[in-house]
Amino acid sequence: MAASRVFLLFWAAILLHAATAPLAILRPTISDMEDGPGVPPSFTFVPGQFVFLSFAVGGFQVSPERKIHLSCKVDASDPKGVPLVESMASTVDTTLSEEDKNWKPIVRQQILLPPLAGSGTYKIAMQVTDDLAKATVSQQISLQVRGHEVEPSDTLTIRNFHFYRGEEDRDPLAISAYKAGDTLFARFDITGYKFGPHNSVDVDYGISVVAPSGKALFTQEKAAEEKSSSFYPKAYVPGSMNLNIYKDTKPGPYTIVLTARDHTGNQTCEAKATFTVE
């Protein structure tokens, strides 16, 4: 009888503590690797990278049967408040043992940053509901993302057209000049298109190379296309091209004409860029 009385007093103390301590999200941490240490506030994530979130929960209620039931939700959004992914829900539904009086559940989620995410301060919102106590607590944590900058547009536009010496080069050429026999590389971004259902995109582009005389030397009506849909809307479509400059190409200025088409928004735009063969 005495042992039973001590056991009941033990659980009464836990229940009293749970009733008086408020529900709380504790030690929210973000990391760039699973189960890794938290990153400092100055850390910068990049598009396409996973963000690993973890936090503990305290102040929850324990039932007379030593059960707990927590409902957790995590949301991630970009600097404009646009959700990155669907809400991530999880539950903590367990029965505590006699040794668990100081135990606190740990919630873990991983979030994939969109491959074309822009720069800025992103937010992760955490919400925990104690289903026994009918109490809810929320908290928010921020992270910095450094992405590729593309100025938005209300209409179809080609931006950031740059020439490169090599396919993998990060820095564009200061002077767009090549020699006969070289390979030209260029990259650009298409933005300002309209979205269809489920953030669908239907964009293509064509390429034409014009000689100094004004004659079109090469034309490809549909060089590439982007037909896709995604939960997070794509702010732009990246484009690229390469051109083999024949060894007998005459020196002079040549023009690349890009024609982009947005089939959802029924829009067309054109951009021109000049390079020199020395």
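Any read-out appearing in this document is the output of simple, stated calculations on the displayed coordinates, not a laboratory observation. All values derive from a computational prediction rather than experimental measurement. All Cβ positions, even for glycine, are placed from backbone atoms using ideal geometry, and neighbour counts span all protein chains on display.
From the residues VAL203, GLN140, PHE50, which one has its Cα farthest along the dipole of the chain in the positive direction, the dipole being from +1 and -1 charges on Cβ of Lys/Arg and Asp/Glu about the Cα centre?
Of VAL203, GLN140, PHE50, it is GLN140.
Please report the antiparallel percentage of DSSP beta bridges with both residues in the chain, rounded to the nearest 5. Kindly include the intermediate steps, with their values, before the conclusion.
Numbers: 84 of 88 bridges.
Antiparallel: roughly 95 percent of the beta bridges in the chain.
For the chain, build the charge dipole from Cβ charges (+1 Lys, Arg; -1 Asp, Glu) around the Cα centre, then report which of SER229, ILE158, ILE106 sits farthest towards its positive end.
It is ILE106, whose Cα lies furthest towards the positive end.
Let me spell out the model: positive unit charges on the Cβ of Lys and Arg, negative unit charges on the Cβ of Asp and Glu, origin at the Cα centre of the chain. What dipole size does that give, in debye rounded to 20?
300
Let me know the Rg and Dmax you get for the chain when you use only its Cα atoms, in Å.
According to the Cα coordinates of the chain, Rg and Dmax are 28.4, 105 Å.
Given H placed 1.01 Å from N in the peptide plane, which residues other than close sequence neighbours of PHE163 have an amide H under 5 Å from its amide H?
Under 5 Å from the amide H of PHE163 lie the amide H atoms of LEU173, each far enough along the sequence or on another chain.
If the cut-off is 18 Å between C-alpha atoms, which aspartates and glutamates fall inside it for LYS247, apart from same-chain ones fewer than 8 positions away?
Qualifying aspartates and glutamates at Cα under 18 Å: ASP182, GLU278.
Can you tell me, using C-alpha contacts under 8 Å and at least 6 residues apart, the relative contact order of the chain as a whole percent?
It comes to 15 percent, rounded to a whole number.
Between the helical axis of 2-20 and the dominant principal axis of the chain, each derived from Cα atoms, what acute angle in degrees is found, rounded to the nearest 10?
Orientation of helix 2-20: about 40 degrees from the principal axis.
May I ask you to give the average projected area over all directions of the convex hull of the Cα atoms of the stretch 208-278, in nm² rounded to one decimal?
That works out to 5.9 nm².
Take peptides 65-73, 136-144 and line them up by average Cβ neighbours within 10 Å, highest first, as a rough protection proxy.
On the way: 65-73: 16.2, 136-144: 14.4.
The peptides rank, most packed first, as 65-73, 136-144.
Taking just the alpha-carbon atoms of the stretch 23-145, what radius of gyration and Dmax come out, in angstrom?
Gyration radius and largest Cα-Cα distance of the stretch 23-145: 15.7, 50 Å.
Helix-derived [θ] at 222 nm for the chain: sum -39500 (n - 2.57) over DSSP H runs of at least 4, divide by residue count, nearest 500? Kindly include the intermediate steps, with their values, before the conclusion.
Numbers: 1 runs with 19 residues, N = 278.
Helices in the chain give a 222 nm mean residue ellipticity of -2500 deg cm²/dmol.
Work out Dmax and Rg for the stretch 157-277 from the C-alpha atoms and quote the Rg first, both in angstrom.
15.5, 49
What net charge is computed for the residues neighbouring LYS80, neighbours being all others with C-beta under 15 Å from the C-beta of LYS80, Lys and Arg scored +1, Asp and Glu -1?
Computed value for this residue: -2.
Strictly over 22 Å apart at the Cα level, which of LYS73/LYS227; LYS123/LYS234; LYS67/LYS123; LYS215/LYS250; LYS80/LYS134; LYS73/LYS123 would you flag in this model?
LYS73/LYS227; LYS67/LYS123; LYS80/LYS134
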